[in-house]
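Working notes, beginning with the structure itself.
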Amino acid sequence: MLHYSMRLDEVNKRLSDIPKLSIYEEFYGFTSKDLGLYILVDNQIAGAAWIRRLNADHGTNGYIDDNTPILNIAVLPEHRRRGFGSQMLEQLSIEAGALYDQISVSVLKDSSVLSFYEKHGFMRHDNTVLEQSFIDGKDVITLVKKLQKAAVIRPTDGYDPRRWMD
């Protein structure tokens, strides 16, 4: 999914072409502060969304501070425009709110995806300076979303794991 979240399919590159991308997957999940989820269609992964705290030394787009995780989200091309990205982002925002005050994301300055993030409560970060994407050198901006502290309710298919104790 990292391949799609970083637009490598659009610029005809592979993950191995950009070693800097390893920061997004190296040791991912070794801490409870890494959060992610995926969506299935016919028992196949159709998309994923995840957040990860990085630090200034990583030199990545979307970095605000050491306490603000960076969002990555991807939906396979054949499953786009079906609401999956919105569903994942809404659920991940709820779960991230239990740990963080805000999340950030880096987007192309002139991208149509900008309206997607704005619709979901993201705003341009106050200290945003125009950066260049390390993928293709295009202008990117950083958006931030303030998170709500709320009880985490996960979508379910009706199965209640507590029932086995009855």
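Values quoted throughout were computed directly from the atomic coordinates according to the rules given, and no laboratory measurement underlies them. These numbers come from a predicted model, not from an experiment. When we count neighbours, we look across all protein chains shown, and the Cβ atoms used for this are built from the backbone with ideal geometry, even at glycine.
Order these by the 10 Å Cβ neighbour count, fewest first: Asp34, Asp42, Asp126.
Going from least to most buried by this count: Asp42, Asp126, Asp34.
Find out how many positive minus negative residues lie around Asp110, taking Lys and Arg as positive, Asp and Glu as negative, among other residues whose Cβ is under 11 Å from that of Asp110.
Here the count lands on +1.
Would you mind checking the tilt of helix 84-97 against the longest principal axis of the Cα atoms of the chain, expressed as 0 to 90 degrees and rounded to 10?
With both axes taken from Cα atoms, the answer is about 80 degrees.
Between rounded, prolate and oblate, where does the range 2-154 land on the alpha carbon gyration tensor, with a ≥ b ≥ c its root eigenvalues, rounded for a/c under 1.5, else prolate if a/b exceeds b/c?
Taking the square roots of the gyration eigenvalues as a ≥ b ≥ c, the range 2-154 is rounded.
If you rank Ile70, Ile103, Ile45 by fewest surrounding Cβ atoms within 10 Å, what's the result?
Ile45, Ile70, Ile103
Between Val140 and residues 5 or more places away or on another chain, which pairs have amide H atoms under 5 Å apart, with H built 1.01 Å from N, and which residues are they?
It is Lys109, Glu131, Gln132, Ser133, by chain and number.
Tell me the mean residue ellipticity at 222 nm calculated for the chain from its helices only (DSSP H runs of n ≥ 4, each -39500 (n - 2.57), averaged over every residue, nearest 500).
-4500 deg cm²/dmol
Please give the charge dipole size of the range 2-154, origin at the Cα centre, charges +1 on K and R Cβ atoms and -1 on D and E Cβ atoms. Round to the nearest 20 debye.
Using Cβ point charges on Lys, Arg, Asp and Glu, the range 2-154 gives about 360 debye.
Give the longest segment of the chain that steers clear of chymotrypsin sites (Phe, Trp or Tyr not before Pro) in DSSP loops with at most 12 neighbouring Cβ atoms within 10 Å, not counting the sites themselves.
31-158
Restricting to DSSP loop positions (anything but H, G, I, E, B) with no more than 11 other Cβ atoms inside 10 Å of their own Cβ, which trypsin sites (Lys or Arg not before Pro) remain in the range 68-136?
Taking the range 68-136 and a limit of 11 other Cβ atoms within 10 Å, the loop trypsin sites (Lys or Arg not before Pro) found are Arg81.
Rounded, prolate or oblate: pick one for the range 69-151, where a ≥ b ≥ c are the square roots of the eigenvalues of its C-alpha gyration tensor, a/c under 1.5 means rounded, and failing that, prolate if a/b is larger than b/c, else oblate.
It is oblate, given that a/c is not under 1.5 and a/b is not larger than b/c.
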